[in-house]
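For reference, the structure is listed below as structure tokens.
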Amino acid sequence: MEVRRERCERGESILDLVGNTPLVEINRLRDGLSPRVRILAKLEGFNPGGSVKDRPAVWMVRDGLRTGKLRAGKTIMDSTSGNTGIALALAGTVLGYPVELVMPENVSTERKKIVRAYGARIVFSSPLEGSDGAIRLCRKLLEADPERYFKPDQYFNPVNPLAHYESTGPEIWADTEGSVTHFVAGLGTGGTVMGTGRYLKECNPKIQIVGAEPDDAWHGLEGLKHMASSIVPGIFHEEQLDRKISVSTDRAYEVVYRLGNEEGLVVGQSSGAALVAGLQIAREIDAGVIVVIFPDFGDRYLSTSLWFGWREWQERARAKHAAGARA
Ligand SMILES: Cc1ncc(COP(=O)(O)O)c(C=O)c1O
């Protein structure tokens with residue numbers, strides 16, 4: 001199988017370089033697997049804003065312009081755990097619209113700095129309430145001044161999965177020459193797994209669509225949601241998945257460390273989580289082509305608990321929450 005990579009050689013703007021990310025073979029992290037099983041990682045860190053979220057962000061902003069919901073005088077506003085914010089800040093800057101982002105105060109320093117480098121403004125929500133706290137605060141601000149803002153609303157906007165239906169899915173189908181048997185992605189908004197999954201199922205209904213989810217509400221997998229303890233995104237329809245695999249933070253981190261050391265891939269936590277799920281499937285089958293989404297590279301997490309003190313961070317967060325609940 002030849003892996004194709006067609007990049008736009010000269011874009012009108014940086015937004016034209018979103019998508020067409022490469023697949024790479026996972027060669028070493030395959031202890032005990034059948035030689036007839038292949039695992040291919042789709043490296044979304046190659047997008048200009050550095051993550052998979054460039055796709056829905058650009059699609060949603062362009063849709064806002066097309067429908068007139070985003071027009072002169074409006075500010076783009078959304079709640080985001082980081083990557084969507086970076087992508088919206090990028091799209092807003094290029095298209096000439098100010099961007100304001102609500103995010104939990106404890107997102108990584110790198111993310112805050114990148115967003116500001118694109119010229120966006122950040123409004124912080126409580127670090128104890130995670131991405132749901134950011135969603136609630138964003139709603140409140142929007143209700144207070146609805147005329148001022150355009151909210152892409154990635155958790156409820158069907159254009160989020162549509163971006164993956166129109167780009168991620170066709171790329172995977174073409175780059176594997178239709179040989180993909182399993183598709184695995186972590187669950188955040190669910191946009192990646194829903195849109196890509198729908199496209200691949202239309203190409204071949206036998207392709208298994210798998211979501212990887214944190215196994216605990218107190219997880220360290222930035223970008224992913226533990227659905228049972230979260231506000232379930234409106235675009236996420238669990239019944240459309242063939243399977244959901246729960247992944248522990250410890251296992252995901254171990255895989256991230258091994259990816260750096262053995263495959264030369266320094267990636268984010270959610271890539272580790274998706275690969276843990278991909279490896280579980282790989283061990284269960286005798287032959288197949290498993291495509292796993294790696295949403296971003298690891299450089300934006302170098303100051304986070306991924307690289308030091310994850311257990312201490314978890315204990316502190318639990319204790320703070322318990323103290324807050326008692327107060
Ligand atoms: C690092 C990371 N991984 C995974 C995801 C999940 O992608 P989706 O929202 O398409 O489910 C996100 C979403 O924000 C993310 O930032």
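Considering only residues in region 257-303 that are β-branched (Val, Ile, Thr) and within 14 Å of the ligand (Cβ to nearest atom), the one that is surrounded by the fewest Cβ atoms within 10 Å (Cβ to Cβ) turns out to be Val266.
Of these, Gly272, Gly220, which one is part of a loop (DSSP other than H, G, I, E, B) and within 17 Å of the chain's Cα centre (by Cα)? Steps first, please.
Working: Gly272 fails: part of a loop (DSSP other than H, G, I, E, B).
None of the others qualify; the one that does is Gly220.
Counting the residues of region 87-115 that are modelled with pLDDT of 95 or more, outside any strand (DSSP E or B) and within 20 Å of the chain's Cα centre (by Cα) gives 6. The set of residues from region 164-216 being of a type in the set (A, V, I, L, M, F, W, C) and open to solvent by 20 Å² or more (accessible area, probe 1.4 Å) comprises Trp173, Ala174, Cys203.
Looking only at region 53-80, count how many residues are open to solvent by 10 Å² or more (accessible area, probe 1.4 Å) and assigned to a loop (DSSP other than H, G, I, E, B). Selection size over region 53-80: 7. Looking at region 219-234, can you tell me whether even one residue there is over 22 Å from Ser79 (Cα atoms), without any contact (Cβ under 8 Å) to a residue 40 or more places away in the chain and away from the ligand (no atom under 14 Å from the Cβ)? No, because not a single residue in region 219-234 is over 22 Å from Ser79 (Cα atoms), without any contact (Cβ under 8 Å) to a residue 40 or more places away in the chain and away from the ligand (no atom under 14 Å from the Cβ). Name the residues in region 1-33 that are open to solvent by 90 Å² or more (accessible area, probe 1.4 Å) and modelled with pLDDT of 95 or more, would you? Result: Asn27, Arg28. Tell me which residues, restricted to region 150-185, are farther than 23 Å from Ile39 by Cα and not in a helix (DSSP H, G or I). Phe150, Lys151, Pro152, Asp153, Gln154, Tyr155, Phe156, Asn157, Pro158 - these are the residues of region 150-185 that are farther than 23 Å from Ile39 by Cα and not in a helix (DSSP H, G or I).
Glu129 satisfies every condition listed in (1) touching a Lys or Arg at 6+ places or on another chain (Cβ under 9 Å); (2) open to solvent by 40 Å² or more (accessible area, probe 1.4 Å); (3) closer than 24 Å to Asp299 by Cβ except (3). Beta carbons closer than 8 Å, at least 6 apart along the sequence or on distinct chains, pair a first residue in region 282-310 that is without any contact (Cβ under 8 Å) to a residue 60 or more places away in the chain with a second that is open to solvent by 50 Å² or more (accessible area, probe 1.4 Å) and of a type in the set (Val, Ile, Thr) for Gly298/Val266.
The values are calculated or read from the model by the stated rules, or taken from the named source; none is laboratory data. All figures in this text were calculated on a predicted structure; none of them were measured in a lab. Note: ideal-geometry Cβ built from the backbone for every residue, glycine included; neighbour counts use all protein chains shown. When the accessible area is computed, the model is the full protein with side chains, heavy atoms only, and any ligands, DNA or RNA have been set aside. Shrake-Rupley method; radii C 1.70, N 1.55, O 1.52, S 1.80 Å.
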